[in-house]
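We did not get these values from a lab; they are worked out from the coordinates using the rules stated. Source: prediction; values computed, not measured. For neighbour counting, all protein chains shown are included, and Cβ atoms are generated from backbone atoms with ideal geometry for every residue, glycine included.
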Amino acid sequence: MKTNFFKKIISMGLIAMLTVGLTACGGEDTSKKDESAAENNKEKQVVQIGAYGSHVPFNYMENDELVGYEVDIWKEIAKRNNLELKYTISSDVAGLFTMLDTGKIDTILCQVSATEERAEKYDFTEPYMYSPGAWFVKEDSEDVNTIEDLYGKKVGVIAGGVDIDMYNAADPEGKIEQVVYSNVTAAYKDIEVGRLDATGVSRPQGLYLIKKGDVTGLKVTGYNGITETDIFPILKGKNKELLEMANKTIKEMKEDGSLAELAVKWFGDDVTVNPDNK
């Protein structure tokens with residue numbers, strides 16, 4: 001009887017040891033799973049972005065959704081850095097910059113160009129595109145390569161636009177007749193019917209409008225010598241972590257070709273290369 005009793009005790013001890021061992025191993029695996037789950041469920045950093053919302057093809061509303069080239073870039077930045085994006089849409093550009101200045105948003109989508117004046121107030125991300133100035137002319141007309149090619153011709157300008165200053169500086173004798181328009185669509189139409197010879201347009205924007213069929217019978221030609229460098233502005237000295245993340249990701253996208261792919265998707269051309277460096 002004693003022998004059986006001791007055998008039972010030994011058996012129970014072995015079972016207990018095995019149970020402890022299994023529990024310990026099981027506990028270790030569970031811990032790793034919990035750590036992995038915690039990492040996957042890590043709270044995303046929220047980035048507040050102000051967007052113009054009607055600047056085709058950079059950012060605009062389509063079926064109640066904000067889409068566009070700049071939107072796609074930030075989707076990729078968010079994906080690679082575990083960010084959550086929240087958008088504020090406003091057609092008031094000055095209001096967007098006021099929101100940026102007061103910390104209500106972190107950056108702006110509105111094809112913002114890098115200027116010396118803005119550099120005093122904002123940090124700039126790595127450039128995501130370059131917008132060389134060109135002209136729309138009739139498809140069957142001679143190319144316009146420089147401002148001098150417009151001497152003796154009619155050129156459409158937008159009231160308050162920077163093109164007026166450009167022509168005044170380059171053409172002090174007034175050899176180019178400037179016709180002022182309140183909107184670019186009317187200028188495009190007048191080129192089509194022959195009432196106007198040319199109007200200024202950024203090369204990426206012009207290529208997109210032709211690609212989408214929004215402008216017909218015209219072509220993009222020439223280079224006015226001015227290239228806008230487009231960036232995302234962040235209030236100087238604020239959101240250093242976001243600035244570093246955006247810069248790192250945009251650089252990576254340039255290196256892996258994904259930024260160029262997005263550019264071709266939206267513009268039909270790689271607008272991520274500075275034409276002045278070609």
- Item | Leading residue by the ranking (surrounded by the most Cβ atoms within 10 Å (Cβ to Cβ)) among those in the stretch 219-278 that are closer than 12 Å to Arg203 by Cα and of a type in the set (A, V, I, L, M) | Val271
- Take the residues of the stretch 89-111 that are under 16 Å from the mean Cα position of the chain (by Cα) and either charged (D, E, K, R) or part of a strand (DSSP E or B) (or both): which is surrounded by the fewest Cβ atoms within 10 Å (Cβ to Cβ)? Ile89
- Note on the structure: Pairs returned, first residue in the stretch 176-194 that is of a type in the set (Asp, Glu), second residue that is part of a loop (DSSP other than H, G, I, E, B), beta-carbon separation under 8 angstrom, 6 or more apart or interchain, are Glu177/Lys153; Asp190/Leu196; Glu192/Thr216; Glu192/Gly217
- So which residues in the stretch 89-103 are under 17 Å from Lys238 (Cβ atoms) and of a type outside the set (Phe, Trp, Tyr), if there are any at all? Leu96, Thr98, Met99, Leu100, Asp101, Thr102, Gly103
- Query: Here are some residues: Ile226, Ile231. Which one is under 17 Å from the mean Cα position of the chain (by Cα), of a type outside the set (Asp, Glu) and closer than 30 Å to Asp101 by Cβ?
  - Reply: Ile231
- Task: Could you pull out every one of the strands (runs of 3 or more DSSP E) wholly within the stretch 174-223 that has 3 or more residues that are within 23 Å of Ala263 (Cα to Cα) and either in contact with a Cys (Cβ under 9 Å, 6 or more places away or on another chain) or not charged (D, E, K, R) (or both)?
- Result: 198-202, 218-221
- Take the residues in the stretch 43-88 that are free of Cβ contacts under 8 Å to residues at least 40 places away in the same chain and assigned to a loop (DSSP other than H, G, I, E, B), then tell me which one is nearest to the chain's Cα centre (by Cα). Gly53
